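See structure below.
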Amino acid sequence: MSTPASLSPDVLGTAEGIANPYPAYLAFRGPSPVRYLRLPAGAFTGRSEPLYSWAVLRHADVLAAIRDPATFSSQSPAVIKVVPKLALLHDDPPHHTQLRRLVSKAFSPQRIASLSDWVSRISNELLDSTSQGPVEFMSAYAVPLPMRVIAGMLGIPDTDYPMFRSWSEACVSYAGMAAEERARKIQEMMSYLNQAIAARRERPAEDLLSALVSAEVEGAKLSDQEIRAFASVLLIAGNETTTNLIGNMMGILADRPELWQRAREDRSRVEPIIEEVLRFESPVQRFPRVTTRPVRMGEVEIGEGELVDMFFGAANRDPSVFEDPDTFRPERPTNVQHLGFGHGTHFCLGAQLARLETRIALNAFLDRFPTLGRGAAPAVRQQAAHVSLGYKALPLVLG
């Protein structure tokens with residue numbers, strides 16, 4: 001396959017490549033990873049030297065790498081540095097395994113199923129203030145629903161969700177926010193969580209934050225720093241993925257009115273639609289790893305301590321696994337192989353919660369609105385967070 005002369009792998013690290021990475025995936029998905037400029041030097045990024053990374057784009061290579069945490073470590077903040085270290089996301093086994101056990105019960109299939117009525121109530125509250133006609137979908141629904149759900153599980157007032165969203169963006173949008181502003185917002189989040197943790201030590205409640213305060217690993221209580229790291233990752237991962245999944249889904253369906261009608265008539269289509277969204281427009285497009293030893297991938301040698309990005313979004317468009325991958329086909333038989341929630345050790349802890357919220361959301365909109373279309377104003381993709389594919393603004397018309 002020939003690569004357009006104007007297209008460089010470095011586009012993967014730009015606003016353009018974050019908003020629409022698919023042309024680069026098509027151009028550079030070959031037998032070997034490609035090296036690209038992930039973060040430039042400068043005051044804005046807080047780096048004195050540019051940071052390069054290897055982009056792993058093929059499904060088989062991504063799968064092999066994430067199955068080998070001993071070689072591809074999750075401790076990427078040691079290299080990226082501008083990224084705050086988050087529990088679970090940036091931990092390797094066996095420590096990761098111990099930490100995951102602490103919260104796994106809260107995200108068990110049985111526990112998530114029990115939340116269905118509560119999530120439906122939150123969804124309906126949001127929909128009650130959403131009438132037919134134009135709506136900016138992200139602010140009206142896709143952002144507040146996951147925020148209110150994860151805040152409720154942690155025991156934090158869901159009225160504070162605008163702050164949570166701002167802090168989440170500071171943690172993931174490190175290419176689109178000045179270093180000073182990013183540091184200030186992260187410090188705000190830590191101060192807020194310190195107060196919440198102190199309150200739970202004084203008066204425990206039936207929530208995840210209280211469970212973390214009372215939890216032990218190898219006979220020792222978690223420190224405040226460890227609890228903050230846990231709560232941070234739950235707040236961030238608990239909203240970022242689901243917000244983007246719901247937004248991407250509604251953007252796709254707004255362009256496919258015939259599919260909207262078929263789904264209204266046959267709700268067995270709902271879950272296949274969600275799985276195909278996870279493949280077609282993966283809310284988590286990439287996640288970094290760091291090599292712990294020299295390793296050969298394809299025809300390139302990658303040294304120890306180098307940054308390697310696992311591109312789930314590219315793997316999910318790999319034609320060797322998904323026939324006609326650039327077409328949205330919910331009935332695709334190979335959709336079970338998508339990596340929209342990762343795989344293996346770091347398979348998304350909140351995958352079932354994200355699926356539950358998205359299923360409730362889609363059914364609720366199908367119940368209330370016979371038609372769905374794009375709004376008059378153009379949609380705006382986020383262009384700052386390397387990890388995510390999603391919308392900052394998605395104008396829709398509900399009919």
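Placing +1 on the Cβ of every Lys and Arg and -1 on the Cβ of every Asp and Glu, with no other charges, gives the chain a dipole of roughly 200 debye about its Cα centre.
Just to be sure I understand: if I project the alpha-carbon convex hull of region 210-369 onto a plane and average over all orientations, what area do I get in nm²? Present the calculation step by step, with values, prior to reporting the outcome.
Details: hull surface 51.1 nm².
Over every viewing direction, the Cα hull of region 210-369 projects on average to 12.8 nm².
Once the mean of 1/r is taken over each pair of separate Cα atoms and inverted, region 44-129 shows a Kirkwood hydrodynamic radius of 16.8 Å. Residue-normalised convex hull volume from the C-alpha trace of the chain: 142 Å³ per residue. Taking only the Cα atoms of region 93-182, the radius of gyration and Dmax are 16.5, 52 Å.
Applying the Karplus relation 6.51 cos²θ - 1.76 cosθ + 1.60 with θ = phi - 60° to region 205-220 yields 3J(HN,Hα) values of 9, 8, 8, 5, 5, 5, 5, 5, 4, 8, 6, 10, 10, 6, x, 10 Hz, where x marks Gly and Pro.
Using the rule -39500 (n - 2.57) for each DSSP H run of four or more residues, divided by the residues of the chain, the 222 nm mean residue ellipticity is -13500 deg cm²/dmol.
Taking 28 Å as the limit for the C-alpha separation, the pairs Lys85/Lys105; Lys81/Lys105; Lys221/Lys392; Lys105/Lys185 exceed it in the case of Lys81/Lys105; Lys221/Lys392; Lys105/Lys185. Screening the chain for whole DSSP H helices of 24 Å or more along their axis (Cα) with average Kyte-Doolittle hydropathy at least -1.0 returns 179-202, 224-254, 351-368. Packing, as the average of other Cβ atoms within 10 Å across residues, places the peptides 299-306, 215-222, 341-348 in the order 341-348, 299-306, 215-222, highest first.
The numbers here are math on the coordinates, done by the rules we state, and not lab data. The model shown is predicted, which means the values in this text are computed figures rather than measured ones. When we count neighbours, we look across all protein chains shown, and the Cβ atoms used for this are built from the backbone with ideal geometry, even at glycine.
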